[in-house]
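Structure first, commentary second.
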Amino acid sequence: MANTEDYNAKLAEIEAIPNEEVKDPGMPVDVALQEAENLYHWSLNDTEKLGVVGIRRTQIEDLPVRAGACREAQSIWNKDFRSQQEAQEEWAEKSPLAYEFRNDLLASMRFAFRKNDALLNRVRAITDGSGHADMIQDFHLVK
């Protein structure tokens, strides 16, 4: 829970960082976090010497909080990324069935409305377009 509290405590500061100032750590996040935590422990003994070069004790004490916030942000990102991947995998698996159903439905409607030009024109309008978004919209128009 400490990571969540750290994240919530730092969220406003994180969101205030302009996109052009956001940098890739150049290493895996877990390695960067471990290095930050190591630096925290090493720098506690050298607070006075670090103060000479402009590093304040408050900055040193903030390292574990920032690392916790980063760890929580990474967990949230992983969850969202995996959810998105799972959704894409499910879409890849099920969308062919949706297209097949759509095509069967439109064929049935063409047959059922074969003697009604107004309804056939409506079915033709539904079949215009291509792509996933159009297929989903077609289901909405069929109702």
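No value in this document is a laboratory result; all are computed from the given coordinates. As the structure is a prediction and not an experimental result, all values here were calculated from the model. Cβ: placed from backbone, ideal geometry, glycine included. Neighbour counts: every protein chain shown.
Here is how the numbers come out for the structure above:
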item: Calculated log₁₀ intensity ratio I(q)/I(0) where the Debye formula runs over C-alpha points of the chain, q = 0.13, 0.15 Å⁻¹; result: -0.74, -0.86
item: Candidates per GluC sites (Glu not before Pro) in the stretch 78-143, loop by DSSP, up to 15 other Cβ within 10 Å; result: none
item: Stretchable slack from N45 to I76, in nm (0.36 nm times residue separation minus alpha-carbon distance); result: 7.8 nm
item: A107 versus M135: modelled label distance in nm, points set 7 Å from Cα along the beta carbon direction; result: 1.6
item: Computed magnitude of the charge dipole of the stretch 1-110 (debye, nearest 20; Cβ of K, R +1, Cβ of D, E -1); result: 120
item: Net charge dipole size for the stretch 1-61 [Lys, Arg +1 and Asp, Glu -1 on Cβ; Debye, nearest 20]; result: 260
item: Convex hull of the stretch 44-83 built on C-alpha atoms - directionally averaged projected area, nm²; result: 3.3
item: Dipole-positive endmost among L63, S95, A32 within the chain (Cβ charges, Cα centre); result: S95
item: Qualifying trypsin sites (Lys or Arg not before Pro) for the stretch 98-136 [loop in DSSP, other Cβ within 10 Å: at most 12]; result: R114, K115
item: Local net charge near I17, Cβ-Cβ under 11 Å (Lys/Arg +1, Asp/Glu -1); result: -2
item: Options T4, L44, N121, ranked by Cα towards positive dipole end of the chain, top entry (Cβ charges); result: N121
item: Helical contribution to [θ] at 222 nm, DSSP H n ≥ 4, -39,500 (n - 2.57), averaged over the chain, rounded to 500; result: -27000 deg cm²/dmol
item: Within the stretch 24-64, trypsin sites (Lys or Arg not before Pro) in DSSP loop having at most 11 other beta-carbon neighbours inside 10 Å; result: R56
item: Computed lengthening from R122 to S95, 0.36 nm per intervening residue step minus Cα-Cα distance; result: 7.3 nm
item: Cα convex hull of the stretch 60-143 - mean projected area over all directions, nm²; result: 7.7
